[in-house]
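The structure appears below as structure tokens.
The values are calculated or read from the model by the stated rules, or taken from the named source; none is laboratory data. Everything numeric here is computed off the predicted structure, so don't read it as measured data. Here the Cβ positions follow ideal geometry from the backbone for every residue, glycine too, while neighbour counts run over all protein chains shown.
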């Protein structure tokens, strides 16, 4: 079970005070208690620019992936057979891949890396990793897990479809959890790439209602170190 850190001294403004870009406030710190309090209230941290002031965000609409709406194409289903999925075995390597400064619009700086590593050590952050036949990390993702809530923070790939396979595995892990009916998989902003996988927008009001249920549910994250990826056929699967 994750270890609850000391509570934060900071008080966040309500999410509905966000500006048109979703920015609620600037400042505070990235101590574990602060970051967890933010997620529980519907906010997440992201610098205004790399190494710039820390912003706290609540976009409206919010991108989410409902577990039964994941779209798995035939080619992606074949790719799932090419990788071994491991969980929480190589946090630093996943974070390094996600924080690669050569990636466009990179936002993970040393402050963010330190904050999520601390939360990983306390059991609140998890990685899903796709490894190839040569024992190389081909791609993966990491995110914050609270109850039946999972905030997908970033993903990367070095081989084709590796990050998508990690996402498929994440959905399978969440589907198998004891509180799957309350699960909320948050991806923050919907992009066309994520929309092709089934991500959709919901209003901030709907998001906050679902968040309250999810964070109060039993701990959902109970995967083994290595998990098979055999995606069930979802309604959005393509022939």
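Being at pLDDT 95 or above and closer than 22 Å to residue 157 by Cα narrows it down to one residue among 109, 100, 66, 92; which is it?
On the way: 109 fails: at pLDDT 95 or above; 100 fails: at pLDDT 95 or above; 66 fails: closer than 22 Å to residue 157 by Cα.
Step by step, each of 109, 100, 66, 92 is checked, and only 92 is at pLDDT 95 or above and closer than 22 Å to residue 157 by Cα.
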For the stretch 160-176, the count of residues that are without any contact (Cβ under 8 Å) to a residue 60 or more places away in the chain and outside any helix (DSSP H, G or I) equals 1
Regarding residue 83, is this residue touching a helix residue (DSSP H, G or I) at 6+ places or on another chain (Cβ under 9 Å), crowded, with 17+ Cβ neighbours inside 10 Å and under 24 Å from residue 197 (Cα atoms)? yes
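Looking only at residues in the stretch 183-193 that are at negative phi and out of contact with any helix residue (DSSP H, G or I) (no Cβ under 9 Å at 6 or more places or on another chain), which one is surrounded by the most Cβ atoms within 10 Å (Cβ to Cβ)?
Taking the stretch 183-193 first, the residues at negative phi are 183-187, 189-193.
Adding the requirement that they be out of contact with any helix residue (DSSP H, G or I) (no Cβ under 9 Å at 6 or more places or on another chain) leaves 189-193.
Values: 189: 13, 190: 18, 191: 12, 192: 7, 193: 10.
Per the criteria, the residue is 190.
Can you pull out every residue in the stretch 177-224 that is outside any helix (DSSP H, G or I) and without any contact (Cβ under 8 Å) to a residue 60 or more places away in the chain?
Filtering the stretch 177-224 down to residues outside any helix (DSSP H, G or I) leaves 177-179, 183-191, 196-203, 217-224.
Once the filter is applied, which keeps residues that are outside any helix (DSSP H, G or I) and without any contact (Cβ under 8 Å) to a residue 60 or more places away in the chain, the stretch 177-224 yields 177, 178, 179, 222.
Can you pull out every residue in the stretch 122-141 that is part of a strand (DSSP E or B), over 19 Å from residue 102 (Cα atoms) and in contact with a helix residue (DSSP H, G or I) (Cβ under 8 Å, 6 or more places away or on another chain)? So that I can check it myself, show each step before the final result.
The first filter runs over the stretch 122-141 and keeps only residues part of a strand (DSSP E or B), leaving 125-131, 137-141.
Still in the running and over 19 Å from residue 102 (Cα atoms): 125-131.
Correct list: 125, 126, 127, 128, 129, 130.
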Any idea which of (1) touching a helix residue (DSSP H, G or I) at 6+ places or on another chain (Cβ under 8 Å); (2) in contact (Cβ under 8 Å) with a residue 40 or more places away in the chain; (3) on the phi < 0 side of the Ramachandran plot is the one residue 114 doesn't satisfy? (1)
Can you find a residue that is at pLDDT below 95, buried (at least 16 other Cβ atoms within 10 Å of the Cβ) and more than 22 Å from residue 190 (Cβ to Cβ) anywhere in the stretch 128-139? no
Extreme residue, surrounded by the fewest Cβ atoms within 10 Å (Cβ to Cβ), among residues of the stretch 142-151 that are in contact with a helix residue (DSSP H, G or I) (Cβ under 7 Å, 6 or more places away or on another chain), in contact (Cβ under 8 Å) with a residue 60 or more places away in the chain and in a strand (DSSP E or B): 151
Please tell me if residue 40 is surrounded by fewer than 19 Cβ atoms within 10 Å (Cβ to Cβ) and at pLDDT below 95. no
